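One structure below.
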Amino acid sequence: DLGSGDGLIPLTAARMNTRLRGHGVDIDPQLVKESNQRAAREGLADRVTFEHRNAFDADLRDATVVTMWLFPELMRLLRPVILERARPGTRVLTSTWALGSWQPDHVNNDGLPIYMWIVPARVAGSWVWDLTLAGRRFRQAAVLEQHFQAVEGVVRAGARREVLEAVSLRGAEIAFTLTITLDGLGLTRHEFSGTAGPKEIRG
């Protein structure tokens, strides 16, 4: 929890889920002290801890969920930090305010709006793969553009070029459809899905 304040979010979550481990960071040392004391009183100190630290310096590598309830301009400033440091698939939750042009993956409007995003893998750039069809090997090359979880791209196979269709990116899971004419085979339609890593997509 970035800007954990009195510890409400991690402590409440830990009470609701006995398997959960939580960590809060806050720049107010007194609030951090009081939150750790509260965790100890409630018997949660083995699973929930609080640290005196600037939210911009938080280590997010092991997080599966990141929560924030801060001023909207501060959350906007934290957006690139989260996208850079959190693993693809990490869920990000805020209340009341969204994160600008990063469109949420889900919104709960039952009362104050709760927004959820899923940190996308970085897939922008050039990708090349070989596809074997009817005993023949075809090399296909794609260039992908990415704006958060929105992805579009173009594929080249031989002298043919086509636009990717139905591209979806959820965390590290990517899928798309390609309809393209291949020499000797005519019009073909392919559905691809896989998991994106730093240097390859395994499908």
| Net charge dipole size for the chain [Lys, Arg +1 and Asp, Glu -1 on Cβ; Debye, nearest 20] | 660
| Size of charge dipole - region 1-53 - debye, nearest 20, with Cβ of Lys, Arg +1 and Asp, Glu -1, no other charges | 260
| Of all the accessible heavy-atom surface of region 85-203, with the other protein chains kept in place and a 1.4 Å probe, what percent is carbon and sulfur? | 50
| said: Which of 112, 93, 77 ends up with the largest GNM mean-square fluctuation for the chain, with Cα atoms connected below 10 Å? | reply: 112
| remark: Inter-part gap, Cα centre of region 77-93 to Cα centre of region 166-186, in whole angstrom, is 27
| task | Note the angle between two axes, namely the Cα long axis of helix 29-41 and the longest principal axis of the Cα atoms of the chain, as a number of degrees from 0 to 90, rounded to the nearest 10. | result | 90
| field | Given the chain, longest segment not containing exposed loop GluC sites (Glu not before Pro) (DSSP; at most 16 other Cβ within 10 Å) | value | 43-199
| remark: Once Lys and Arg are counted +1 and Asp and Glu -1 for all other residues with Cβ under 11 Å from that of residue 146, the total becomes -1
| field | Paramagnetic reach from residue 96 in region 26-68 [backbone N under 13 Å; point 7 Å along Cα→Cβ] | value | 68
| Theoretical FRET efficiency, 1/(1+(r/R0)^6), r = Cβ-Cβ of residue 76 and residue 45, R0 22 Å, to 0.05 | 0.10
| field | Cβ-derived FRET efficiency at R0 30 Å, residue 52 paired with residue 110, nearest 0.05 | value | 0.30
| Where does the chain land on the Kirkwood hydrodynamic radius, alpha-carbon pairs, in angstrom? | 19.4
| task | For region 113-151 and region 1-53, compute the distance between their C-alpha centroids and round to whole Å. | result | 38
| query | Considering only DSSP states other than H, G, I, E and B, which trypsin sites (Lys or Arg not before Pro) in region 5-63 qualify as loop sites with at most 11 other Cβ atoms within 10 Å? | reply | 19, 61
| query | Quick one: length gained pulling residue 150 to residue 181 fully straight, 0.36 nm per residue minus the C-alpha distance? | reply | 8.6 nm
| What whole-number value in Å² describes the accessible area per residue of the chain for a 1.4 Å probe? | 60
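The values are calculated or read from the model by the stated rules, or taken from the named source; none is laboratory data. Keep in mind the model is a prediction, meaning the values are calculated, not measured. Please note: Cβ atoms are built from the backbone with ideal geometry, for glycine as well, and neighbour counts cover all protein chains shown. Keep in mind that these areas ignore ligands, DNA and RNA; they rest on the heavy atoms of the full protein, side chains included. Shrake-Rupley method; radii C 1.70, N 1.55, O 1.52, S 1.80 Å.
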